[in-house]
Amino acid sequence: MSATVQQRSSRVAAWSPARILSARNIVLLVVFAAVLLFAPTVLGAYWTRIFTVCTIFSVAAAGIALLYGRLGLVSLGQVSLIGVGGWITLRVGHATSLPFELVLVIAAIGTGVIGVLVGLPALRLSGLNLAIVTLMLAGAFEVIFNVTGFPNGGDGILGRTEGGVLQQPLARPALGTADPDYFRYVIVVAALMFLIIGLHLSNRPGRAWAAIRQSEAGALAAGIGTVRYRLWALAVVSATTGVAGGLLAGNAGLLDPISFKAQASILLFATVLIGGAFSLLGAAIAGFLSQGLPPLLDAWGVDGNLIFVLLGLGMIQAITTAPQGIAGQLQGLARRIRRRLTRKNPR
Amino acid sequence: MKAITARGALALSIAALLAASLAGCVPDDAGNGNAGGNTDKGDLQCGLASGEAATGDPIEVGAIATASGGVDFSSSPKAAAAYFDCVNENGGINGRPINYSYQDDALDPTKTAQLAAGYAADDNVVGLVGDATFIGCDVANAEYAKGDLYSITGVGVPQACFSSSNIAPVNAGPRQSAIQLLQWLQDEGKADAVFQVGLNTQGNGDWVAAGINEYADANGINIVGTELSDPTESNWLPLIQKIKDSGATSVIIVDPGPITAAILAAVEQQDARGDITWTCTASCYDAQFGSQIGAYWEGFVANSELQLVDEAGADNELWKSVMDAYADADAPRDTFSQAGFLAAKMFTDALLQLDPADISRETVSAAMLGITNYSSDLLCRPWYYGEADEHNANHSTRTAEITDGVFTKLTDCIDSGDPALDGIFAREESEGLVG
Amino acid sequence: MILPFVVAGLVLGSLYALSGVGMLVLFRTTGVLNFGYGALGAMSAMLAWQFVELRMQPVLAYVLGIIVATALSLLFGFLAGPFLATVTTLTKATATLGLALILLGVMLFAWNDKARTLRLTTDTMGFTLGTRITITQIICLALATVIVIGTSIYLRRSPTGTSMRALASDRELASMLGIRVRRVELLAWAVSGALGGISGILLSSQTRLEPVFLTFIVIPVLAAVVVGRFQSLVGTLVGGLVIGVVQAVASAFPETSRFSNATPFVVATIVILYLQRRKVVTIEVAR
């Protein structure tokens, strides 16, 4: 996929009707519609909830994949940004009576701003230094979340109830109060986020990012404002991750600091590497690996803790032999099948 | 290259062998404190007590417990599982065995909600028994209410567990436990300056602290300090310093057993016990606790929300013997184990009244809600369920202190003076729930 | 009374430093920043606890735990070393995240993430010197200082140490000069594993004995290494001690107490940003 992106030379080509109505997009659309219609019934109540969370995390995974796959940046603090988005959503949601969609937008903007502000000093860093700084920030956010907690309907800046007053969950959006409806709601919002990221990748920002990854000096020489594009990447990733946080907050209406520890970010990063950092399919797989695989193992009667062993092995395997991840291998397989099917009339 | 690896491996294996052969052993002092039973496995009176294994269509029963994430409350479902095993070997529910299992929510409310939704949606699950969740009773109850699923919870910790429609805990809860420690301190004349310690988890530490403060205000007791810490805290020096500086004469700790043990170890390291009376809620009431915290803590006081483990009584004896026969040797023998056991026993007794062919969530829920005036020597007052938005049937507890490494009785039942229980008392009166 | 906090801070800081030195020895020799280092220590502590539970003589149990940590580290170095030598520093570090996860999974599978305590017999022995100081605390402080100074001297004086330093500056060149590169690297993995094992046991006695907690204690430890600028052993020792003391003293005051655990992260972030202040563009071709 990365190769095709770089070959596209102009915006016009990307928007031609033939491209939009390509076989792949039509298949995607059909699958999408089928998921929306039938998935909750097929999955049942328990798995619908699990897949809701999987989808939410795949949005955050897409952000990590963008940073790693496109800009070559390792960010080990993305789960903290989910927490930031969740915190803003709960706070704004409790304080105002705005519709949930608007709250999500506010969360996206807020998280984007915080992501950029936090990332600003780290902009000049790359490689190992950036990985360490983001990990340290994740550690700091863990402490901060522990102190502030998450809003649960109380007063004050922190919005916490205390001392014998029951906590109040945030109401779900009007369009998704029941579990199956919320699942659909999350799928649609996640698809929107994927679309936003996808459009960035296939247009000018995506090419600029690829150039920066290849060589920063080269990109500078080609007249690409590296700082500007890096900032923009950071903003886009933070904003979409903030939306993921908002969706997570809307799911149960309550959040707990325990979900946003530094180690969760490391795990999510591992799943992105395994799923594949170079495509959105990889991000979707990563979301499933991080949130869906443990309950699946539980359901099969395998100790859920073995997930760590699987992820660890998968990560080493991804680094050594399969840098494109599971998604890359799947796409390779699809290519081979297509080639076999069309062998009779080669292009 | 090869040489060094081979040599390294050789050295390692020799070292391992040496270590293994030299492993002189330390004498074994493990045991169940004073919580061993006296009944043989064959004589246990579980359920029908027929001595024949149940072979019919299994009845699915579940539970959610916090077993990892820094807190382990799985002793309640473990005891419930032991009792159900015993019931299944003794005729089951009129021939049908109970298929019981519990799931761990890892101290994460998101996971609690998922698991609760899963149980609520699974029609085969007729009821929940012996749950012990440290968080998330509120999110769980919302799911249960949707699915008309009811739980006889073994251990409820946060406030939401005691103010839910579909959850009724067997234990008294940290708030009652803490207030009754305060009442005991007051009776003993040791409540001049009280310092309270707890956790900052939502709806738990703050709720207990509010209860202590309300009782203290009403009774003119001086609370000189409150410290709520994170469950993952490992630096106890600031706490010890604050207790020293506050001039406290007594301390009430409302933390899970292992965390309390860590605090006490830090106090011992600093030799800061002083003349202070150190007390802990029922979360420390474990037959092993005395040997865990060591000789330094002779005279340490703990509340017990159910019967003291060394007291006589048919149910207490049955619990101890069932644990010996059906649970792991290292499963805790504590208040929460008793609670899980009693939850399973009440559930079994209720189900035995039903037609075994007609056991569904609907009939089971009705049977559970119908439990009233259930007496046991494990309890101070009879237990009941009943349809209501709050459930706190157990509100009288006992007190014990450590002598020679085991808990021994200080007081029998103390009735709670918590003003927040007025609604509960009124309902007991008006609906005749306790006889 | 601030003294007890300073003492506790020095002890915790010396353990950060001890762990940090183990990471640093490996990083300087092989270029691998081992994120699995905390997991090695956790494994050693959990095994030691298990052996003590099985009624083994405590000292033997500790030694056995340390040996296993050493062996695991050596094994990973042996298996992954050749591959790791060919990739960027960042990829090296990322690969060790895999090691951390595997070890963590094995530990959680075997022991669950319960709160346990590893009691050393020296925990309750102590004396009063303005504040109460236990023998365990003395051991931690002394061991960390001795090991850091010992390793420094060893790297400077001994032939192996010289080879390690040679490797750190240029691996290819070192091998051309006839240094047995693999051998020196494996030695670094072993030394690092042993230090990890020792510090794991001591950390578990001073903080918490939980697989997850001990595995991810690598994050604050990393802060000490950062202060040592990824090269200075003494800098790491000083960094560890400063972080430990600041963290403990911050916990003594109600205003800062709740944020005290963020100390390592704040210090490390500031140091990295300071060190990088002039470097605007990294000229490195992506591999």
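Every number here is computed from the coordinates shown, using simple stated rules; none is lab data. The structure presented is a predicted model; accordingly, all values stated were derived computationally and were not measured. Counting neighbours? That spans all protein chains shown, and the Cβs are built from the backbone with ideal geometry, glycine included.
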What FRET efficiency comes out for the pair residue C:145/residue B:230, r = Cβ-Cβ distance, R0 = 51 Å, nearest 0.05?
0.95
In Å, the Kirkwood hydrodynamic radius of chain C over pairs of distinct alpha carbons?
19.4
Chain B - Rg and Dmax from Cα coordinates, angstrom:
22.9, 85
By the gyration tensor of its Cα atoms, with a ≥ b ≥ c the square roots of the eigenvalues, what is the shape of the range A:130-219: rounded for a/c under 1.5, prolate for a/b over b/c, or oblate?
oblate
Let me see the pair-distance distribution of the range A:195-325: every alpha carbon pair, 10 Å bin width, integer percents in order.
11, 31, 35, 18, 5, 1
Viscosity 1.306 mPa s, temperature 10 °C: what is the translational diffusion coefficient of the range B:43-152 from Stokes-Einstein with a Kirkwood Rh over Cα pairs, rounded to a whole number of µm²/s?
111
What is the helix-to-structure angle for A:78-95, meaning the angle in degrees between its Cα long axis and the longest Cα principal axis of chain A, kept from 0 to 90 and rounded to the nearest 10?
50
Provide the FRET efficiency to the nearest 0.05 for the residue B:101-residue A:113 pair, computing r from the beta carbons and using R0 = 56 Å.
0.75
Taking only Cα atoms, what is the 0 to 90° angle, nearest 10, from helix C:135-157's long axis to the longest principal axis of chain C?
20
Where a ≥ b ≥ c are root eigenvalues of the Cα gyration tensor, a/c under 1.5 meaning rounded, otherwise prolate if a/b exceeds b/c and oblate otherwise, the range C:122-229 counts as prolate
So for B:395, A:94, fewest C-beta neighbours within 10 Å to most, what's the order?
A:94, B:395
When the Kirkwood hydrodynamic radius is evaluated over all pairs of different C-alpha atoms of chain A, what value in angstrom, to one decimal, is obtained?
21.0
Please list the three semi-axes, largest first and in whole Å, of the ellipsoid equivalent to the range B:115-191, using sqrt of 5 times the eigenvalues of its alpha carbon gyration tensor.
32, 10, 8
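Checking understanding here: applying a Kyte-Doolittle mean of at least -1.0 and a length along the axis of at least 27 Å (C-alpha), which whole DSSP H helices in chain B pass?
On the way: long enough: B:2-22 (30 Å, 1.49).
Once both thresholds are applied, what remains is B:2-22.
Determine, from the Cβ-Cβ distance of residue C:158 and residue C:135 and an R0 of 22 Å, the FRET efficiency 1/(1 + (r/R0)^6), rounded to the nearest 0.05. The partial results should precede the final answer.
Working: r = 31 Å, r/R0 = 1.42.
Rounded to the nearest 0.05, the efficiency is 0.10.
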State the Kirkwood hydrodynamic radius of the range B:165-212 in Å, one decimal place, computed from all pairs of distinct Cα atoms.
11.9
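When B:236, B:319 are ordered from fewest to most other Cβ atoms inside 10 Å of their Cβ, what list results? Walk me through the numbers before you get to the answer.
Working: B:236 21, B:319 29.
Going from least to most buried by this count: B:236, B:319.
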Largest-first principal axis extents of the Cα set of the range A:54-132 (Å):
43, 28, 16
Stokes-Einstein diffusion coefficient for the range C:38-85 at 37 °C in a medium of 0.692 mPa s, Rh from the Kirkwood formula over Cα pairs: what value in µm²/s?
292
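Treat every Asp and Glu Cβ in the protein assembly as shown as -1 and every Lys and Arg Cβ as +1, leave all other atoms uncharged, and give the resulting dipole magnitude about the Cα centre to the nearest 20 debye.
Details: 66 positive and 80 negative charges, 1902 e Å.
Result for the protein assembly as shown is approximately 9140 debye, rounded to the nearest 20.
Taking a ≥ b ≥ c as the square roots of the eigenvalues of the Cα gyration tensor of the range C:1-101, is the shape rounded (a/c under 1.5), prolate (a/b larger than b/c) or oblate? Don't skip to the end; give the middle numbers.
Details: a/c = 2.85, a/b = 1.33, b/c = 2.15.
It is oblate, given that a/c is not under 1.5 and a/b is not larger than b/c.
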At a temperature of 10 °C and a viscosity of 1.306 mPa s, determine how fast the protein assembly as shown diffuses translationally according to Stokes-Einstein, using the Kirkwood radius over alpha-carbon pairs as Rh; express D in µm²/s, rounded to the nearest whole number.
52
If one takes the longest principal axis of the Cα atoms in chain C, at what angle in degrees, from 0 to 90 and to the nearest 10, does the Cα axis of helix C:37-53 lie?
40
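Which whole-number percentage describes the relative contact order of chain B, with Cα contacts under 8 Å and a sequence gap of 6 or more?
Once normalised by length, the contact order is 20 percent.
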Longest to shortest principal axis, alpha-carbon extents of the range A:36-82, angstrom:
40, 20, 10
Considering only C-alpha atoms, what is the centroid distance from the range C:34-55 to the range B:62-86, in Å?
26
Cα centroid separation - the range B:199-275 against the range A:146-200, whole Å:
34
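Can you give me the relative contact order of chain A as a percent, contacts being Cα pairs under 8 Å and 6 or more apart? Display every interim value, and only then the final one.
Working: 500 pairs, mean separation 102.7, N = 347.
Answer for chain A is 30 percent.
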Normalised per residue, the volume inside the convex hull of the alpha-carbon atoms of the range A:106-163 in Å³ amounts to 92
